[in-house]
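Each reported figure results from applying straightforward, stated rules to the coordinates on display, with no laboratory input. Bear in mind that the values here come from a model prediction, so they are computed numbers and not experimental data. Don't worry about glycine lacking a Cβ; one is built from the backbone with ideal geometry, like all the others, and counts go over all protein chains shown.
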């Protein structure tokens, strides 16, 4: 896809195959293109006469999947190399929202970056809601698959945390303007983008701390649940231990035990068991175990 050229610069979007064909005689650019396609991170690299930015956008529905693309910027051209369709989608949104400004190279790059990260705020808000629902479930005593869910959440937060760190680095590299492509006004735009990426970075940091607190809440609730189970087992053991002693005592069947030949021996053992159980329950109630 090639956007309409103007007096200052042009913008084009091509596939990786087209890029390799176009730069078949330039080994350095070919190596850069191949490295970008396999890259797992976003970063900016300055070369004489050009600025190359490799993007690797995490898929919000599957953190394992990423959208890689490369932009090669010089004083009068922006070339995007992309197979994912992410660049075309962003540029269409820029045109739709009327933020596409081709009169200024720096402004165009800033608008593109802003469009790229525009969904992040909604994503972080939705992420916060997911964690809140997990917290409500834990407080309500629902622990089903909590560990699996928490691991998935922490992985997703970590992926976003790294992504925003890399965007901050890109923004700072653009601000340095080593090749002199951008004006002071453009540098101000890039500073604004860097601050925005840093805001997202801090938000993910807060969410990360929130998950740690949620983990502590889960552990507390789990311990309380275990304590209740242990309390029940302790009460049952306390009540039935004396009965076990009585059973063991009268189960010896010594020949000189008077209760064995006593007419009311069986009723006496029943009564003794009932009285012992009642006494144990009374003791537990007095000590507020029941």
Correct semi-axes for the stretch 212-278, from √(5λ) of the alpha-carbon gyration tensor and rounded to whole Å with the largest first, are 45, 11, 5
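Could you give the length gained by full extension between residue 172 and residue 237, i.e. 0.36 nm per residue of separation minus their alpha carbon distance, to one decimal place?
Computed gain between residue 172 and residue 237 is 16.7 nm.
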Using alpha-carbon coordinates, inclination of helix 105-117 to the longest axis of the chain, degrees: 20
Mean Cβ count within 10 Å, highest first, over the residues of peptides 20-26, 106-112, 119-125: 106-112, 119-125, 20-26
Give me the distance in nm between label points sitting 7 Å out from Cα along the Cα-to-Cβ direction at residue 63 and residue 285, one decimal. 5.4
Quick one: if you take sqrt(5λ) for each eigenvalue of the C-alpha gyration tensor of the chain, what semi-axes come out, biggest first, whole angstrom? 75, 19, 14
Could you tell me the center-to-center distance, by alpha carbons, between the stretch 27-42 and the stretch 245-290 in angstrom? 84
Pull out the extension gain between residue 121 and residue 24, defined as 0.36 nm times the separation in residues minus the alpha carbon to alpha carbon distance; nm, one decimal. 30.9 nm
Over the chain, what is the relative contact order in percent, taking alpha-carbon pairs closer than 8 angstrom and at least six residues apart? 15
Anisotropy class of the stretch 1-97 from Cα gyration tensor, a/c 1.5 cut: oblate
Going 7 Å from the Cα of residue 77 in the Cα-to-Cβ direction, what parts of the stretch 29-53 have a backbone nitrogen less than 17 Å from that spot? 29-33, 47-53
Once the Cα atoms of helix 120-139 and of the chain are each reduced to a long axis, what angle between those two axes, in degrees from 0 to 90 to the nearest 10, is obtained? 0
Compute the angle between helix 86-96 and the longest alpha-carbon principal axis of the chain, please, reported from 0 to 90 degrees and rounded to the nearest 10. 70
Cα convex hull of the stretch 151-290 - mean projected area over all directions, nm²: 15.1
